[in-house]
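Colleague: Just dropping this structure here.
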Amino acid sequence: MSSKTTRRKALAGGLAVAAAAAAAPQAARARDAWADTTYQRYELAGQRGIASLQRNRRQARSPGTGEVLVRMRAAALNYRDLLLAAGQYGEPQPAERVPLSDGAGEVLAVGDGVTGLAPGDRVTAPHFLDWLAGDFSPAIFANDAGITTDGWLSELVWLPARSVVRLPERLSFETAAALGVAGITAWRVLQTLGQIKAGDTVLTLGTGGVSIMALQIARMNGARVAITSSSDDKLALARDLGAEITVNYRQEPEWQNAVRAATGGRGVDIVVETVGVATLEQSIAACAPNARVGLLGVLGGIPEQFPNLLPLYGNNIHLQGITSGSRAMHANLLEAASVNQLEPYVDKVFDFADAQSAYAHLKAAGHVGKVLITSR
Ligand SMILES: NC(=O)c1ccc[n+]([C@@H]2O[C@H](COP(=O)([O-])OP(=O)(O)OC[C@H]3O[C@@H](n4cnc5c(N)ncnc54)[C@H](OP(=O)(O)O)[C@@H]3O)[C@@H](O)[C@H]2O)c1
């Protein structure tokens, strides 16, 4: 295995770093130019909650054929990272699994057969590493970064080159990381399913990562936004970000009536259903004829009584289950974000060494938008 590595790189945290391939003698290069480098990463280590996450030092390796080696600079958390850490997200994962589905960084080395990418390139990747374009297929779950394969909570990340997306020049590592799962999912609901256009009304629930991203992408498209929250302070922030209709769902449990009334009785055109089946009936009741509803969340749990779907008929409402999106959607989103200077709202940034605090911050649910982890 050989690597086209040419850079000497010191990793954060005062870790031991080997000379890179260009400086290595021929014999060492044949062995593995990165084998003497160590780096830090977090591992699930048992999935018994945030406290069981372990920061371990591991030995690096050269990128294999078709792979790139990336120095992580920014990573983002999503709700599912809490579920995974607690052992509540699908099958148990190996103790060594590196979590986090979103990140961005710079290429350190490329493996054999990689073209179009070089050390120094600034990159990210969609978490479904094998969903490059086209329709969803269940096969994509086999290679889901941060879940079924190693993710971004690591100083070094190895990725298939085919999955990697180069960052538009104007996008920072932090912006790119924030535009991962939450961005792709919101984009898919609004753009691919919703066919959003100026003047549409979009309803999104809560003020977490997906919802705030939906708000910002909807505003970028000239749409009007209705949003719900448990907190008036969070709703005030949502108004600052451009939301026009804001409803506190604690104070108004029948919030769908307030949303409908605020649209003059017509209802909304697109729903980003982050809470899930628990609020689906209410979301449908807030819909205008021909609305599009992207069902994607589980925040409200699974209710015992299934929602009444009869209004779907009379209003010709299009309901679709959503599992994030493809590399092509991700690349389109990054381009749109660059052109429109979209800055995803970031609640707080934590240092790599403080990753467990980042998880705890997300779990406390006092945040608005995204929670990030950076590594210098
Ligand atoms: N299917 C997919 O591809 C996909 C992709 C991404 C995310 N998701 C899902 O989408 C959901 C949101 O993810 P996220 O990463 O944006 O989460 P997040 O950032 O952790 O958002 C949590 C926020 O949602 C709101 N919330 C929580 N429980 C609620 C409830 N019962 N009713 C209304 N709002 C509630 C709260 O905001 P307020 O305090 O403002 O109410 C809370 O702060 C999760 O279920 C996640 O698993 C699915």
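The values are calculated or read from the model by the stated rules, or taken from the named source; none is laboratory data. Because the structure is a prediction, the values reported are computed rather than measured. Note that we place each Cβ from the backbone using ideal geometry, even for glycine, and neighbour counts take in every protein chain shown. Remember, those area values only see protein heavy atoms, side chains included, never the ligands or the DNA or RNA. Shrake-Rupley method; radii C 1.70, N 1.55, O 1.52, S 1.80 Å.
Colleague: Is one or more of the residues making up segment 129-148 charged (D, E, K, R) and closer than 26 Å to Ala33 by Cβ?
Modeller: no
Colleague: In this structure, is Leu235 touching a Ser or Thr at 6+ places or on another chain (Cβ under 6 Å) and either within 9 Å of the ligand (Cβ to nearest atom) or part of a helix (DSSP H, G or I) (or both)?
Modeller: yes
Colleague: Out of Gly134, Gly103, which single residue is crowded, with 16+ Cβ neighbours inside 10 Å and touching a residue at least 40 places away in the same chain (Cβ under 8 Å)?
Modeller: Gly103
Colleague: Next question. Name the single residue, out of those in segment 332-348 being within 15 Å of the chain's Cα centre (by Cα) and open to solvent by less than 80 Å² (accessible area, probe 1.4 Å), that is farthest from Gly134 (Cα to Cα).
Modeller: Only one residue tops the list, namely Asp347.
Colleague: State yes or no: is Gly199 in contact (Cβ under 8 Å) with a residue 40 or more places away in the chain, under 14 Å from Ile270 (Cα atoms) and over 18 Å from the mean Cα position of the chain (by Cα)?
Modeller: When the stated conditions are applied, Gly199 does not pass them.
Colleague: Ok, one more. Restricting attention to segment 289-308, does a residue exist that is assigned by TED's automatic domain parsing to the domain that holds Gly209, assigned to a helix (DSSP H, G or I) and open to solvent by 10 Å² or more (accessible area, probe 1.4 Å)? So that I can check it myself, show each step before the final result.
Modeller: Here is the first cut: in segment 289-308, the residues assigned by TED's automatic domain parsing to the domain that holds Gly209 are 289-308.
This time we only want the ones that are assigned to a helix (DSSP H, G or I), so: none.
No, segment 289-308 has no match at all.
Colleague: Okay, moving on. With the requirement that a residue be outside any strand (DSSP E or B), closer than 21 Å to Gly49 by Cβ and either more than 15 Å from the ligand (Cβ to nearest atom) or in contact with a Phe, Trp or Tyr (Cβ under 8 Å, 6 or more places away or on another chain) (or both), what does segment 326-376 give you?
Modeller: Scanning segment 326-376 gives Phe352, Ala353, Asp354, Ala355, Gln356, Ser357, Ala358, His361, Leu362.
Colleague: If you take the residues of segment 188-213 that are out of contact with any Ser or Thr (no Cβ under 6 Å at 6 or more places or on another chain) and more than 16 Å from the ligand (Cβ to nearest atom), which of them is nearest to Ala258 (Cα to Cα)? Working first, answer last.
Modeller: Residues of segment 188-213 that are out of contact with any Ser or Thr (no Cβ under 6 Å at 6 or more places or on another chain), as a first pass: 188-200, 202-203, 208-209, 212-213.
This time we only want the ones that are more than 16 Å from the ligand (Cβ to nearest atom), so: 195-200.
Numbers: Gln195: 25, Ile196: 22, Lys197: 23, Ala198: 22, Gly199: 19, Asp200: 17 Å.
Only one residue tops the list, namely Asp200.
Colleague: Is at least one residue of segment 176-187 within 16 Å of the ligand (Cβ to nearest atom), in contact with a helix residue (DSSP H, G or I) (Cβ under 6 Å, 6 or more places away or on another chain) and open to solvent by 20 Å² or more (accessible area, probe 1.4 Å)?
Modeller: yes
Colleague: Filter segment 266-307 down to the residues that are at pLDDT below 95 and over 23 Å from Ile184 (Cα atoms) and list them by number.
Modeller: Within segment 266-307, Ile302, Pro303, Glu304, Gln305, Phe306, Pro307 qualify.
Colleague: Scan segment 256-273 and tell me whether some residue there is out of contact with any His (no Cβ under 7 Å at 6 or more places or on another chain), under 25 Å from His361 (Cβ atoms) and not hydroxyl-bearing (Ser, Thr, Tyr).
Modeller: Yes: segment 256-273 contains one or more residues that are out of contact with any His (no Cβ under 7 Å at 6 or more places or on another chain), under 25 Å from His361 (Cβ atoms) and not hydroxyl-bearing (Ser, Thr, Tyr).
Colleague: So how many residues does segment 242-277 have that are among the small types (Gly, Ala, Ser) and either surrounded by fewer than 17 Cβ atoms within 10 Å (Cβ to Cβ) or part of a strand (DSSP E or B) (or both)?
Modeller: Going through segment 242-277 one residue at a time, the tally reaches 4.
Colleague: Counting just the residues of segment 203-252 that are of a type in the set (Val, Ile, Thr) and without any contact (Cβ under 8 Å) to a residue 60 or more places away in the chain, which one comes out nearest to Ala278 (Cα to Cα)? Please lay out each step first, then the result.
Modeller: Narrowing segment 203-252 to residues of a type in the set (Val, Ile, Thr): 204, 207, 210, 212, 217, 225, 227-228, 245-247.
Subsequent filtering for residues that are without any contact (Cβ under 8 Å) to a residue 60 or more places away in the chain retains 225, 227-228, 245-247.
On the way: Val225: 21, Ile227: 17, Thr228: 15, Ile245: 21, Thr246: 20, Val247: 17 Å.
If we take residues in segment 203-252 being of a type in the set (Val, Ile, Thr) and without any contact (Cβ under 8 Å) to a residue 60 or more places away in the chain, then Thr228 is nearest to Ala278 (Cα to Cα).
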